[in-house]
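The values are calculated or read from the model by the stated rules, or taken from the named source; none is laboratory data. This is a predicted model, so every value here is computed, not measured. Backbone-built Cβ (ideal geometry, glycine too); neighbour counts: all protein chains shown.
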């Protein structure tokens with residue numbers, strides 16, 4: 001089964017904030033690479049989102065929430081938080097691993 005992957009405005013904002021951070025603190029080229037890689041990894045959720053583990057926020061957020069660990073190399077730096085609705089994957093947020101877990105008011 002193929003799922004439609006939808007990135008919410010909140011998640012787009014998270015991604016753009018991270019790209020701006022990379023461009024400022026690393027390089028614009030690295031920022032572009034990070035952006036392309038993250039979008040590709042999120043796009044791969046279309047094939048098997050249920051293979052991802054439940055997020056730490058499970059139980060605090062009132063819907064089943066999954067996470068996909070993301071990064072440029074083998075060591076992930078971020079995670080995409082998403083829910084599965086019928087044939088749709090809804091990406092709610094993209095957060096650095098060092099950030100606090102989400103609360104219900106964050107989504």
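For the stretch 42-87, a tally of residues being surrounded by fewer than 17 Cβ atoms within 10 Å (Cβ to Cβ) and closer than 18 Å to residue 3 by Cβ returns 14.
A search for C-beta distances below 7 Å between a residue of the stretch 91-107 that is over 12 Å from residue 57 (Cα atoms) and any residue that is surrounded by fewer than 10 Cβ atoms within 10 Å (Cβ to Cβ) and modelled with pLDDT of 85 or more, counting only pairs 6+ apart in sequence or on different chains, returns nothing.
Of all residues in the stretch 71-107, those satisfying the criterion of being closer than 26 Å to residue 30 by Cβ and at pLDDT below 90 are 71, 72, 73, 74, 75, 76, 77, 96, 97, 98, 99, 100. Restricted to the stretch 3-38, and to residues there that are touching a helix residue (DSSP H, G or I) at 6+ places or on another chain (Cβ under 8 Å) and under 17 Å from residue 66 (Cα atoms), the residue that is surrounded by the most Cβ atoms within 10 Å (Cβ to Cβ) is 38.
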